[in-house]
Amino acid sequence: MIEGVTKSFHGTEVLKGVSLTVRHSEVVVIAGRSGSGKSTLLRCIDQLETIDGGKIVACGHLMGLREKNGRLVPLPDRLVAQQQRDLGMVFQNFNLFPHISVIDNITVAPIKIQKVPKAQAVEEAMALLERVGLPEKANAYPRQLSGGQQQRVAIARALAMKPKVMLFDEPTSALDPEMISEVLDVMVDLSHQGMTMIVVTHEMGFARAAADRVLLMHEGAIVEEAPPEAFFTAPKSEHTKAFLSKIL
Ligand code: ADP
Ligand code: MG
């Protein structure tokens, strides 16, 4: 649950009181033109940015803050890291560790952070690679993979931490067109398995196939919120109409 979240950079308000409740197993797609605050919102949810106002409650935890002597104070880093484990984040540019193999990319956090025994971590990672269709790439290095394959490994890596919510920030916008569907297919599968997902994307095919709701962000605010069919066929906001006329 996101309530009245505000965030400024150097005096410019980038999020102007954003509120959004995402239910368990729901898939929410966020669209909006470049600079409208989509990445900042995801980064605030994942505590990669601290918010200026409002609050974010994820998986029952007030994110980034705790009460002390009747006041809300920032959480220590160790506890922030704990909260972040409930959230899996997938970025536009994959962000795999380049110097270690695919299997190590997936197992490093479970082994180091969650203290999962190595054999178990490897077994779970192989199951995830199976799920994203890349079991034969376990010992490859990221540079030996296509962009689409790297992004599928990045999704497997995020899933290895057993997150309760997955956040995707334009996961296919750095990919060549022929690789987009292999990544979207994995995401659609994930949605069918009941994962709660917030997906920033302009892939409206994905929105139609998997989203429960589609939102439009414009200048730091959510200006439209509707089920996919209504979003595409009967948008209310002028901003949505203008946005759709550019991408469809
Ligand atoms: P979107 O993801 O919708 O393209 P962003 O959330 O990345 O938008 O950015 C929203 C606005 O915030 C932009 O004007 C961007 O320049 C600004 N911004 C984002 N991150 C920072 C930052 N770390 N420092 C300063 N300005 C930032
Ligand atoms: Mg962005």
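The values are calculated or read from the model by the stated rules, or taken from the named source; none is laboratory data. These numbers come from a predicted model, not from an experiment. Positions of Cβ are generated from backbone atoms using ideal geometry, with glycine treated the same way; all protein chains shown enter the neighbour counts. Surface areas here come from the heavy atoms of the whole protein model, side chains and all, with no ligands, DNA or RNA. Shrake-Rupley method; radii C 1.70, N 1.55, O 1.52, S 1.80 Å.
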So Ala81 and Val57, fully extended at 0.36 nm per residue minus their Cα-Cα distance, gain in nm 7.1 nm
So for each of 171-178, 66-73, 199-206, 143-150 I average, over its residues, the number of other beta carbons within 10 Å; can you give me the resulting order with the highest mean first?
199-206, 143-150, 171-178, 66-73
Within the set Lys38/Lys68; Lys7/Lys162; Lys7/Lys236; Lys112/Lys162, which residue pairs have Cα atoms separated by over 21 Å?
Lys38/Lys68; Lys7/Lys162; Lys7/Lys236
In this structure, the FRET efficiency calculated for Lys68 and Thr233 from their beta-carbon separation, with R0 = 51 Å, to the nearest 0.05, is 0.55
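Of the accessible area of segment 1-159, with the probe set at 1.4 angstrom, what percent is carbon plus sulfur?
Working: 4030 of 8130 Å².
With neighbouring chains kept in place, the figure for segment 1-159 is 50 percent.
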Please tell me the relative contact order of the chain in percent, rounded to the nearest whole number, where contacts are Cα pairs under 8 Å and at least six residues apart.
27 percent
Taking only protein heavy atoms and a 1.4 Å probe, what accessible area per residue, in Å², does the chain have with all protein chains in place?
49 Å²
Stretch Glu13-Ser34 to full length: gain in nm at 0.36 nm per residue minus the Cα-Cα span?
6.0 nm
Principal axis box of the chain, alpha-carbon based, largest edge first, Å:
53, 51, 32
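Multiply the residue separation of Ser181 and Ser245 by 0.36 nm, subtract the distance between their alpha-carbon atoms, and state the gained length in nm to one decimal. Don't skip to the end; give the middle numbers.
On the way: separation 64, 0.36 × 64 = 23.04 nm, distance 2.27 nm.
Result: 20.8 nm gained on full extension.
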